[in-house]
Amino acid sequence: MEFKHVSILLQESVDFLITDKNGVYVDCTMGGAGHSRGFASQLEKDGLLIGIDQDEDAIAAASERLLGKFVCRTAVAKANFKDFAAVLDSYGIEQIDGIFFDLGVSSYQLDTPERGFSYMHDGPLDMRMNKDASLDAAYVVNHYKEAELADIIHRYGEERWSKRIAQFIVKYRQEKPIATTYELVNIIKRAVPKGARQDGPHPAKRTFQAIRIEVNNELGILETTIRTAVSRLKSGGRIGVITFHSLEDRIVKKVFAELVKGCTCPPQLPVCVCGKKPQLKKAGSIVPSRQEVEENPRSRSARLRYAIKI
């Protein structure tokens, strides 16, 4: 299956991020190279675009679309975005002009049933962005304790029926292991009361999101990675992060706000004693236009959060 993914907020991301046409830029969530190609198209021969992804399917597709296709230098690395600093170190690069993250799951991953991300396609319970990782969705669903499942589904899915869904999962797996996405969907549908199923999103949406976040530790690595990213930016360098749900968006917003403020002293203190200086300025956000949402409904919840290094 061809690696297809419609890049969200593409022009807005390119317009914000690229300031020096001979600078060094990193796309930490390269996917099929949609945003990467946009960034590379703006760079001149001394510019460098490094694309990083942990998904080998993405690496294969992006390498074909990116390497040797632009005036600038391009490079591709297989790594989790939390390890981007090690990738920079491997190239002997200390500071960069811009860094970009497009969080969440790609359209390709959702639309490929055998990857097990989607409640709309039947496939094995997998959900690993890195196919070499040991933890998959089948293990979470079949081996986590009921209380652990309920906590994950509530915390990462913000699902009001989390305890009931966890109960139904545990009861079902006592008879046989849960092996496919449709098995899990049907269990969730039985767990969520009929009245609650009639309104709002697909009844399995929040649970699938929660399990995917757990499998890939998406939120656990986010705050530290953003702080590291800002530390590797040159003065005037830029960071852009596209979020898709409130959990990750709150983390990005909070970290940006802290790095804009700097000082962490209690407000009643007359002078700063912590010594922390602001690192960012001009933090803001952009949401997709009405036209983009109409053309690509998956962009509906997206938000580009951006900031500039002081």
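The values are calculated or read from the model by the stated rules, or taken from the named source; none is laboratory data. Only a predicted model underlies this, so the values are computations on that prediction, with no experimental measurement involved. Counting neighbours? That spans all protein chains shown, and the Cβs are built from the backbone with ideal geometry, glycine included.
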*Which residue pairs have Cβ atoms under 8 Å apart, sit 6 or more places apart or on different chains, and have a first residue in the range 22-40 that is part of a loop (DSSP other than H, G, I, E, B) and a second that is crowded, with 24+ Cβ neighbours inside 10 Å and of a type in the set (Ser, Thr, Tyr)?*
Met30/Ser36; Gly31/Ser106; Gly32/Ser106
*Does Val87 fit the bill of being within 20 Å of the chain's Cα centre (by Cα) and β-branched (Val, Ile, Thr)?*
yes
*Could you check how many residues of the range 183-194 are crowded, with 16+ Cβ neighbours inside 10 Å, part of a helix (DSSP H, G or I) and of a type outside the set (D, E, K, R)?*
5
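In the list Gly200, Gly157, which residue meets the criterion of being under 23 Å from Asn80 (Cβ atoms), small (Gly, Ala, Ser) and out of contact with any Asp or Glu (no Cβ under 8 Å at 6 or more places or on another chain)?
Details: Gly200 fails: under 23 Å from Asn80 (Cβ atoms).
Answer to the check: Gly157.
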*State all residues of the range 185-204 that are at pLDDT 95 or above and under 30 Å from Cys28 (Cβ atoms); if no residue qualifies, say none.*
Ala204
